[in-house]
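Asks: What follows is a structure written as structure tokens; I'll ask about it next.
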Amino acid sequence: MLDIEDRFVPEARRLMVDSIRAAGGNEVFFVGQVNADGLIAEVRVAARGNEGAVPLVRQALAESDVLIHNHPSGNLTPSDADLDVAGRVSADGLGFYIVDNAVENVYAVIEPIATRECRALDIPYVRGLLDEGGPLAAQFASFERRDGQIALTDAIARAFNESGVGVFEAGTGVGKSFAYLVPAMLWAAQNEERVVISTGTINLQQQLIEKDIPAAQKTVGIPVKTVLVKGRQNYVCLRRLGDALADARASRDFFEDETAELEKIAEWANKTADGSRSDLGFMPAEGVWSRVCSESDACMGMRCSYRESCFIMRVRKDAASASLLVVNHHLLFADLEARMAGAGYDDSAVLPPFHRVVFDEAHGIEDAATSFFSEYFTRYKLLKQLAILYRVRRGSISGHLILLERMSESPGAAQNAIAEIASVKELYTELEEVALSLLADSFTWRLSPKTSAGAVRLLGIVAEFRAKIAKLAGFLRDVFDGIADEDQDAPAVWESKFVLKRLENIGSLCLSFVEWSERPDSVFWIEKNRLAARNPRGGDEPVWFPRFVQTPLQIAPMMREAVFEPFKTVVCTSATLRIANRFDYWLNRAGVSFVEAERVRTGVFESPFPYEKNVLFSVPNDAPLPDDPAYQPWVETAVVKLLRASAGHALVLFTSYELLRSCCEIARSELSGAGITVLRQGEDDRTRLLETFRSDESSVLFATDSFWEGVDAPGDALLHVIIAKLPFRVPSDPVHAARSEAIDSRGGNAFMELSLPEAIVRFRQGFGRLMRRQSDYGAVTVLDRRILAKRYGSLFLESIPKTARCMESLATIEGRVERFLYD
């Protein structure tokens, strides 16, 4: 026993005595804070229990230094439950005390770790690292001081020092990677506090890991362990690989080429250093990889017989000892989802615990969060799970239920499940037919008050389908209940239980569809997708299938709760965050507008590139408007003329595949004798397509969607960016339509608050494909005259750098482009 006066100030003791008395002498759970003298000076009640137990409230731990509870018996010896809790909270540096009801005696099970004050960054020192005569300059013979980079570094360092939220737009060429890497590394090193860097694209991750981080390490002169963390589905699971290979060999379940791929993956798995798909020397079929990759809900953890050689275990161990983690937005959101679901912010979830994060390519946060937090199911998601349980192929029967039937003592349960699987498949086929009839010639359909009357049959079948899944789930539970306890951890049992969980998730999504009107914070919609494989019935007719989706209406509240409130420092940077010199749109959509104003700092750091001298921006003033029937044939002709003017070397960006295809076909025909290679998105893998585009400098690339950003082709490979139409999202997009209706319903203007800002951000991204380095030059030509004819067009012009401009006829622009590039 220790003297109570050595642990508590008198006021804290009195409060505890009064609280225990008020609880009838039962157990009370307190959280306490330690003052500068090492005494518990502040306590508050977190929970009350009975004579023998009290619940632990994890949410109360965030602002505490020590957990305290009383033993009414007066015996302060910790129970096994006490020791278990004490061991878990000690990992977070928390202490654990037991007192008697009179708070006269205390037993310190775990001493709290003294809170260490964070050491602020020395901002003049940080600036100097990137200035002339500094260590960064010493690495590059052609070093030039970048005022914008140094100013941005200053702002980011202050965000770390002040535990603030920094929203910084940094133009191309500012050098924002070094501007956040150097402060992040110094902070992590001197405060022993992990920092996470989250990016939107693989390209940026590769640039950071292969180029920028090694140079930043040399700049700070301090070893800072950095780990690139990829989603677990990028890694092979040795247990699943072994099961799939054994299954294929035993049952001849796979086609020969698929079995051969499994054999090649197994051979590679014995030699690979990290087990990552990117290390694999070939691209396996998606269906094969999905059978063998690691999946969080199918992971057996410490129960797995392969745990000693598990690639995921190695990655997690490596990440746990790292000071800087590089992830993508999707993986970060997976981590945040786990933390919001109960993992908390002081324990490991998908990532080790961290409290400071940098979002690069932050303009894409809303789209990334919308994508991640959307839930969906398709026939392939369903059939994949059912096939794990039971499948018949080439006359051969396989699946876990075959083994589980032998293991289970529940008579008939496995056969009931097998029969119900057939029934589930049959009903889902009917559900697909009804969904496709609703879609008709459209590619999307949204469930709303306007469409609900026509969805009665669909929702009826969805409800029936959910009941079928529930019935199948009941049969599967019967199977599991009949399996002996010592066999419950067998791989087939373990994975089948997670199949059950996934099937029930599909059932829950079905329920949400049925109850759509009670869930106004979600958008319920169906998307028509084309089967990539050959028509199984023969012929050339495409096969379509529906995807049922539930999407959050807004992500701003989620971002506030998951990111901006719990994390101490959040830095968001991109080249395109503003609309006409204002951050309001991005702040509102991303949730920063919910944050206390005194925590938020914004800043603009202009590109040092010579846009006025090196870029010609043109809009033909004789172009038909996009709603004119003459617009498409005019564009088809204009694109060819402009490509001739620049002799290729062009990226042509579209907002629709239809216009892309027609323009591309005509360009190929017209330019076939000009020595200009015409490339089209979708005709090859994105990476190979871009490699061809960069290496064949006179080539032209016709693209849409993701190619508006992330394309980096410096030098002569890209001299001309042609934008066919201003990138407004199509009004029929179900999520966009729902968000627009929500804005209009509160009296707002959906066009000005959503459609226009979205289009301007995408437009700025497309414009930014041209200038990737100081010496680059070229032309950007926009074939959409609304930028001149509509009042909102000025907002597009105000959102890009000042350039040379030509707002004349197409014929005049052709000549100006050719002279600008080649005279």
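The values are calculated or read from the model by the stated rules, or taken from the named source; none is laboratory data. Because the structure is predicted, anything quoted here is derived from the model rather than measured. Neighbour counts run over all protein chains shown; Cβ positions are idealised from the backbone, glycine included. Just the protein is used for accessible areas: all its heavy atoms, side chains included, with ligands, DNA and RNA removed. Shrake-Rupley method; radii C 1.70, N 1.55, O 1.52, S 1.80 Å.
Asks: Determine the dipole magnitude for the chain: charges of +1 sit on the beta-carbon of Lys and Arg, -1 on that of Asp and Glu, nothing else is charged, the reference point is the Cα centre, and the result goes in debye to the nearest 20.
Replies: Working: 93 positive and 115 negative charges, 364 e Å.
Dipole magnitude for the chain comes out near 1760 debye.
Asks: Binning at 5 Å from 0, report for the range 677-823 what percent of all alpha-carbon pair distances ends up in each bin.
Replies: Using 5 Å bins, I get a P(r) of 2, 8, 16, 19, 18, 15, 11, 7, 3, 1, 0, 0 for the range 677-823.
Asks: Please give every one of the lysines within straight-line cross-link reach of LYS790, meaning a C-alpha to C-alpha distance under 16 Å, and leave out same-chain neighbours fewer than 8 residues apart.
Replies: Within the straight-line cut-off, LYS790 pairs with LYS725.
Asks: May I pose another question? Over the Cα atoms of the range 250-384, what Rg and Dmax result, in angstrom?
Replies: Using the Cα atoms of the range 250-384, the pair Rg, Dmax is 17.5, 51 Å.
Asks: Here's another thing I want to ask about it. So how far apart, in nm, are the two label points at VAL57 and ASP823 if each is 7 Å from Cα heading toward Cβ?
Replies: That separation, rounded to one decimal, is 7.6 nm.
Asks: Output the antiparallel fraction of DSSP beta bridges having both residues in the chain, as a percent to the nearest 5.
Replies: Counting DSSP beta bridges with both partners in the chain, the antiparallel share is about 40 percent.
Asks: Using the crude model of +1 on Lys and Arg Cβ and -1 on Asp and Glu Cβ, and no other charge, please compute the dipole size for the range 124-164 relative to its Cα centre, in debye to 20.
Replies: 60
Asks: So how far, in whole Å, is the C-alpha centre of the range 16-66 from the one of the range 633-675?
Replies: Computed from Cα coordinates, the inter-centre distance equals 71 Å.
Asks: Can I ask one more? Just the accessible area for TYR97, please: 1.4 Å probe, Å², rounded to the nearest 10?
Replies: 10
Asks: For TYR107, TYR235, give the ranking by accessible area with the largest first, probe 1.4 Å.
Replies: Listed by decreasing accessible area, they come as TYR107, TYR235.
Asks: Report D for the range 107-207 in µm² per second (integer): Stokes-Einstein, Kirkwood Rh on Cα pairs, 4 °C, 1.567 mPa s. Mind showing how you got there, number by number?
Replies: Working: Rh = 15.3 Å.
For these conditions, the coefficient is 84 µm²/s.
Asks: Going through the cross-link list LYS225/LYS264; LYS230/LYS528; LYS176/LYS568, which pairs have a Cα-Cα distance over 24 Å in this structure?
Replies: Numbers: LYS225/LYS264 33 Å; LYS230/LYS528 30 Å; LYS176/LYS568 21 Å.
In this structure, LYS225/LYS264; LYS230/LYS528 exceed 24 Å between Cα atoms.
Asks: Among 718-731, 391-404, what's the highest-first ranking by average C-beta atoms within 10 angstrom per residue?
Replies: Details: 718-731: 21.0, 391-404: 16.6.
Averaged packing, sorted descending, gives the order 718-731, 391-404.
Asks: If you take every residue apart from LEU616 with its C-beta less than 11 Å away from the C-beta of LEU616, what net charge results, scoring Lys and Arg +1 and Asp and Glu -1? Could the numbers behind the result be given before it?
Replies: Working: positive: LYS613, ARG805, ARG816, ARG819; negative: GLU612, GLU818.
Around LEU616, the charge tally is +2.
Asks: How charged is the neighbourhood of SER512? Take every other residue with its Cβ under 12 Å from the Cβ of SER512, and add Lys/Arg as +1 and Asp/Glu as -1. Please list the in-between numbers first.
Replies: On the way: positive: ARG466, ARG519; negative: GLU375, GLU515, GLU518, ASP521.
Combined, the nearby Lys, Arg, Asp and Glu give -2.
Asks: Express in % the proportion of alpha carbon pairs of the range 589-671 at distances exceeding 20 Å. If you can, show how the numbers build up before the last one.
Replies: Numbers: 1923 of 3403 pairs.
The answer is 57 percent, as a whole percent.
Asks: Give me the Kirkwood hydrodynamic radius of the chain in Å, from all C-alpha pairs, to one decimal place? The partial results should precede the final answer.
Replies: Working: mean 1/r = 0.0327 Å⁻¹.
Final number for the Kirkwood radius of the chain is 30.5 Å.
Asks: Here's another thing I want to ask about it. Taking the dipole about the Cα centre of the chain, with the C-beta of Lys and Arg at +1 and of Asp and Glu at -1, give me whichever of ALA492, PHE333, PRO727 is farthest to the positive side.
Replies: Going by the charge dipole, the pick is PRO727.
Asks: Near GLN205, within a Cβ-to-Cβ distance under 12 Å, what is the net charge of the other residues, with Lys and Arg +1 and Asp and Glu -1? Present the calculation step by step, with values, prior to reporting the outcome.
Replies: On the way: positive: LYS211, LYS230; negative: GLU210, ASP212, ASP360, GLU361.
Around GLN205, the charge tally is -2.
Asks: Roughly how many Å is it from the Cα centre of the range 748-798 to that of the range 170-227, as a whole number?
Replies: 30
Asks: If you don't mind, there's one more thing I want to ask. Taking only DSSP H segments of four or more residues, each worth -39500 (n - 2.57), what value at 222 nm results for the chain once the sum is divided by all its residues, to the nearest 500 deg cm²/dmol? Let's see the in-between values first.
Replies: On the way: 30 runs with 342 residues, N = 823.
It lands at -12500 deg cm²/dmol.
Asks: Return the subset of LYS381/LYS450; LYS384/LYS471; LYS271/LYS317 for which the Cα-Cα distance in this structure is over 22 Å, preserving the input order. Can you show the working numbers first?
Replies: Details: LYS381/LYS450 29 Å; LYS384/LYS471 19 Å; LYS271/LYS317 20 Å.
Flagged as over cut-off: LYS381/LYS450.
Asks: Right, next: For the range 116-158, take the convex hull of the Cα atoms, compute a quarter of its surface area, and give me that in nm², please. Could you put the intermediate results ahead of the total?
Replies: Details: hull surface 13.7 nm².
That works out to 3.4 nm², a quarter of the Cα hull's surface.
Asks: Report, ordered by chain and residue number, the aspartates and glutamates lying within cross-link reach of LYS468, taken as a straight Cα distance under 12 Å and ignoring same-chain residues fewer than 8 apart.
Replies: GLU420, GLU426, GLU504
Asks: While we're on this one: Students often check this: by mean Cβ neighbours within 10 Å, which of 641-649, 795-803 ranks highest, and how do the rest follow? If you can, show how the numbers build up before the last one.
Replies: On the way: 641-649: 20.9, 795-803: 17.8.
Final packing ranking: 641-649, 795-803.
Asks: Would you mind putting 612-620, 572-580 in packing order, based on average other-beta-carbon counts within 10 Å, highest first? Walk me through the intermediate numbers first.
Replies: Numbers: 612-620: 19.7, 572-580: 23.0.
Going from most to least packed, we get 572-580, 612-620.
Asks: Okay, next question. Treating cross-link reach as a plain straight distance, find the aspartates and glutamates whose alpha-carbon is under 13 Å from the alpha-carbon of LYS802, omitting any fewer than eight places away in the same chain.
Replies: GLU606, GLU612
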